[in-house]
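All of the numbers you see were taken from the coordinates with simple rules; none came from a lab. Please read all numbers here as calculations on a predicted model, not as lab measurements. Quick reminder, even Gly has a Cβ in these numbers, built from the backbone with ideal geometry, and neighbours come from all protein chains shown.
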Amino acid sequence: MKNGLALFLGAFVILALSWAGLLLTAHQQLGSLSQYKDPTDDVLYPQPLSGVADQGRLVYQDLGCVSCHTQQVRHEGFGSDIERKWGLRGSYARDYIRDNTVFIGQSRLGPDLRNTGSLELHPYADAEYFYKLLYAPHSVAPGTNMPAYTFLFDVHPLAGRQPSDKAISLPGKYAPGAGYEVVPTLRARALVAYLMSLKDPFDYPTERNLNAAAAPAKEGAH
Amino acid sequence: MNSTDNNARTEQMEIDASAKWPVLVFFGSAILWLIAGGALQLIASIQLHTPSFLAGCAWTTYGRVAPAAQNALIYGWGMNAAFAFGLWLMARLSATTLRHGGWLFVAAKFWNIGVTLGLLGILGRFSTSFELLEMPRFVTLILLAGYAMIGVWAVTTFSIRNTENVYASQWYLFGAAFWFPWLYAIAQIMLLKAPVRGVLQPVVNAWYVHGLYGLWFIPVALAAAYYFLPKILGKPIANYYLAALAFWWLVGTTAFAGGSRLIGAPVPVWISTLGAVANFLLVVPVVVIALNLFGTLSGRYSALQSSITLRFIFVSILGFVLASAFNLALSMRGFAQVVQFTLMTDLRDWLIFYACFSTAMFGAAYFILPRLTGKEWRSTILVKTHFFTTALGVVLLTAGLAAAGWQQGHLLNDATVPFGDITKVLTFWFTFRSIGLIVLLIGHLAFLINFVWIACPLNSRGTPLASFHQPPDLSLPNPAKAATEGHA
């Protein structure tokens, strides 16, 4: 190769093709996905996040929960995400159009959280459970290596005041001691609102059909 | 004959002299980041088996320290080292001195301030949580401005070259220098400036991450291998005529392989299929490059004994082949079904970045710095320590993370195993990883000490002056001569 120009053009064309071929094509296909109106109850799915939950998304983002948790349920026949109760079904692209930032993640040091707010799948997962998990992970998951997020909570002396109605109750060993209470900060409350919003309850007929068509092929490939 | 050799030598010395300070500044910053990033990485690793370690403070929580470590290593160590090596090699191969080097100091300042601010941003709650783009948006322009000065300089040097042929290392360097700013700017725009919707974000992110590893770090490492092997062994690259084919094939397919990171993800299936096909096609250039490089080494393995640079480059080539094999394996559905999302995924990228790229930069530093400073490495024990710990660390971590990922994947796929039990099993492997990282850190400290001795004007007083043996070290036909053979 003697020609600098050929090198430059080649390098340029490769990058342009890869951008157009991969990103632009994907954008064509996915960029205009819209909510789906369920004809039976006239509700649009996926439902948008509430304002608080969307603030919680920012907390999730800045604390880097994505380094240990994925938010993508793999379909039946590819891994055992469904058996682990991480979802009622595999995730679809349409599920994510409500998320301003998409954290599908790539590490499962912790469980998948795409449906962690679904009481149908995890009856125990109420707000109290999430607060306990965040303040003292071992109080609900003994031996886990999920870090404690104590800095999302204020520990107040009661000093004769009425206890706050937001204070969380902790089992003895994890409680801050008599005369103290643990109150989640605004950030903690937003984060928990976000966690509770994490569920994909609706199964879109369009996607389901696509999936049904794809499933036998997958089976055959095994 | 002798006089042309001498001419070539003076010329090289002139070029080296012109490159001295910019290269030293970039290498110096790189090594400091290597230590800082390694320390952060160790903290994050310890937190996985001892979660109470530095917990309780938002700045040091795992979810921030881990990406901060990764960014310090990639943008601090990796990019700075690549700049140092790339600038030096571009000048040498273009047979032109480095002009207006002062701008490069400004560029280095910009770049390093950008990385520092970016890391503080990650630790101080401004992380974006996009892989390898966690640094907050405001540093983008600082980094791009710094890069522009470096990139423009590299391209200018290339275009005023005094050589007729363009050698393989130059293709790789030129390509990398061109691709990085585009990948980075496009990813920034599509993810942070004007974010695309929904799962397009992970698609863009995967495209960027794969591009950064495959179109920046791997090309720079290969540029080193293609340069140092013939240079030190004193013989041309074996089957050089195939190198151009391998180059275009490698970069052309790598550019489309990013989708392989999204197997089973909620994106259209063609994206991961295209990635898998690209990874299959990559077998050809990887084999050709291995033929080029191992072919050059064949029969001369004894030379590894006497050249620390060659030894590091040898590890780097092995790392390249292994990383490519891993990439291919991970894009196959059956394998991905088990090891996706496990420590094995970390291993794939670590092999590229550490086993392939970082080792190449170590090798390059051991070659370049004595020539720039005119001094010897003061402590051979430290040099040996560095190589030994690197080799040991690479073997330990590769074997350990592969085994760990395999086990983790099988446990994750067995829905009867409670999650707590998986964590318990992994605790052993996390501890193992911490030990591996400590081993590497020892080597990096040895490297730092030697670097200070050779590069710092005050400290280097007691360091002996370097004397370069004639062949096969310096009087070598410049690789451009080898290039002619391929392009008759």
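Observations, loosely collected:
- Translational D in µm²/s for the range B:1-165 (Stokes-Einstein at 25 °C, 0.890 mPa s, Kirkwood Rh from C-alpha pairs): 141
- Percent of C-alpha pairs per 5 Å bin, the range A:33-95, short to long: 4, 14, 15, 18, 23, 17, 7, 1
- Using the Karplus relation 6.51 cos²θ - 1.76 cosθ + 1.60 with θ = phi - 60°, the per-residue 3J(HN,Hα) values for the range A:176-183 come to x, x, 4, x, 10, 9, 10, 10 Hz, with x marking Gly and Pro.
- Value at 222 nm in deg cm²/dmol, rounded to 500, when DSSP H runs of n ≥ 4 in chain B each add -39,500 (n - 2.57): -23500 deg cm²/dmol
- Among B:TYR240, A:TYR204, a tally of other beta-carbon atoms within 10 Å of each Cβ gives an order, fewest to most, of A:TYR204, B:TYR240.
- Cα-based Lys pair tally, chain B, threshold under 19 Å, eight or more apart or on separate chains: 5
- Near A:PHE153: Cβ cut-off under 12 Å, other residues only, Lys/Arg at +1 and Asp/Glu at -1. The net charge is +2.
- Non-local Lys pairs in the range A:36-209, i.e. 8 or more apart or on different chains, that have alpha carbons under 22 Å apart: 6
- Dipole-positive endmost among A:GLY87, A:PRO147, A:LEU113 within the range A:36-209 (Cβ charges, Cα centre): A:PRO147
- Chain A, relative contact order [Cα under 8 Å, separation at least 6], %: 22
- Kirkwood Rh in Å, taken over the range A:36-209 so that all alpha-carbon pairs contribute: 17.5
- Take each residue in A:31-38, count the other chain C-beta atoms within 10 Å of its C-beta, and the mean is 1.
- For the protein assembly as shown, the fraction of C-alpha pairs more than 49 angstrom apart is 18%.
- Cα long-axis angle, helix B:168-188 against chain B (0 to 90 degrees, to the nearest 10): 40
- Convex hull volume of the Cα atoms of chain B, normalised per residue: 144 Å³.
- For B:LYS375, the residues whose modelled amide H falls within less than 5 Å of its own, excluding neighbours fewer than 5 places apart on the same chain, are B:ALA466.
- Global form of the range A:25-135, assessed from the alpha-carbon gyration tensor, a/c cut-off 1.5: rounded
- Cα-centre dipole for the protein assembly as shown with unit charges at Cβ (Lys and Arg positive, Asp and Glu negative), debye to 20: 1420
- Taking all Cα pairs closer than 8 Å and separated by 6 or more residues, the relative contact order of chain B comes to 18 percent.
- For the range B:112-196, a/c is not less than 1.5, where a ≥ b ≥ c are the root eigenvalues of the C-alpha gyration tensor, and a/b tops b/c. That puts it in the prolate class.
- Using θ = phi - 60° in the Karplus curve 6.51 cos²θ - 1.76 cosθ + 1.60, the 3J(HN,Hα) couplings for the range B:45-52 round to 5, 5, 4, 6, 9, 10, x, 7 Hz; x is entered for Gly and Pro.
- Compared with the dominant principal axis of the Cα atoms in chain B, helix B:200-212 is inclined by about 30°.
- Residue exposure sequence - B:MET79, B:MET149, B:MET344 - by fewest surrounding Cβ within 10 Å: B:MET149, B:MET344, B:MET79
- For chain B, the longest principal axis of the Cα atoms and the long axis of helix B:419-455 meet at an angle of about 20 degrees.
- Of B:ILE46, B:ILE150, A:ALA167, farthest towards positive along the dipole that unit charges on Lys, Arg, Asp, Glu beta carbons give the protein assembly as shown: B:ILE150
- Measuring between their Cα centroids, the range A:34-99 and the range A:112-146 lie 17 Å from each other.
- For A:ARG114, B:ARG348, order by how many other beta-carbon atoms lie within 10 Å, fewest first: B:ARG348, A:ARG114
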